[in-house]
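Here is the structure we will look at.
The values are calculated or read from the model by the stated rules, or taken from the named source; none is laboratory data. What you see is a predicted model; the values in this text were computed from it and never measured. With ideal geometry, Cβ positions are generated from the backbone for all residues, glycine too; neighbour counts draw on all protein chains shown. In case anyone asks, the SASA skips ligands and DNA or RNA and just uses the protein heavy atoms, side chains included. Shrake-Rupley method; radii C 1.70, N 1.55, O 1.52, S 1.80 Å.
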Amino acid sequence: MAQYIRNAVDSEMKVSDSSGGLRPVRYGDFIVMLRSGALNEEYTRCLKELNIPAVCEAKGRFFDCEEVMMMLSLLHAVDNPLRDVDLLATLMLPMFGFTAEETAEMRANHRKGSLYSALVAFADTSAHAAEFLHRLEKYRAWAASVPVDRLITLISD
């Protein structure tokens, strides 16, 4: 796993950026999720041996981890974008890059109805919002046809 990460960064593998373009992969694009904290130190050691910056944040339970909570919000938004809290949490994820100012403007321009309806209206004037809606619809189509583990892999790629 450590060698894969190192090779991906060294070869300048490309990943999607928030504007829909491509950029070289960075170490910060990777996350290693383990079911148990028993091997955390071993994984961290292996990563650091290859000069890969690594931080182990094994505090609390698995579902309390920030990364897991972010993915759950995204999956909830994919399942039902009318859930305002999950949709807002998803918009604010680094992979989508919405700012507090953007979401405030979106809501200020469309005060009635769901946040999703405000997002749809905002997409008429915002390429960022339009791109997000395009990605969300793609994820929703995938969700209708693949198991959740595959969906997570597709979203993460």
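With only Lys, Arg, Asp and Glu charged, each at its Cβ (+1 for the first two, -1 for the last two), find how big the charge dipole of the chain is about the Cα centre; round to the nearest 20 debye. Walk me through the numbers before you get to the answer.
Working: 17 positive and 22 negative charges, 43 e Å.
About 200 debye.
Projected label points at Ser19 and Asp79, each 7 Å from Cα along the beta carbon direction, are separated by 3.5 nanometres. Non-local lysine pairs in the chain, meaning eight or more places apart or on different chains, with alpha-carbon distances under 27 Å, amount to 4. Rolling a 1.4 Å probe over the protein heavy atoms gives the chain an accessible area of 64 Å² per residue. Remark on segment 97-157: Rg and Dmax equal 13.6, 37 Å (Cα only). In degrees between 0 and 90, to the nearest 10, how far off the longest principal axis of the chain does helix 127-143 point, with axes built from Cα atoms? Tilt of helix 127-143: around 70 degrees. Among Pro94, Tyr139, Ser126, flag the residue with its Cα farthest along the positive direction of the charge dipole of the chain, charges on Cβ as +1 for Lys/Arg and -1 for Asp/Glu. Farthest towards the positive pole: Tyr139.
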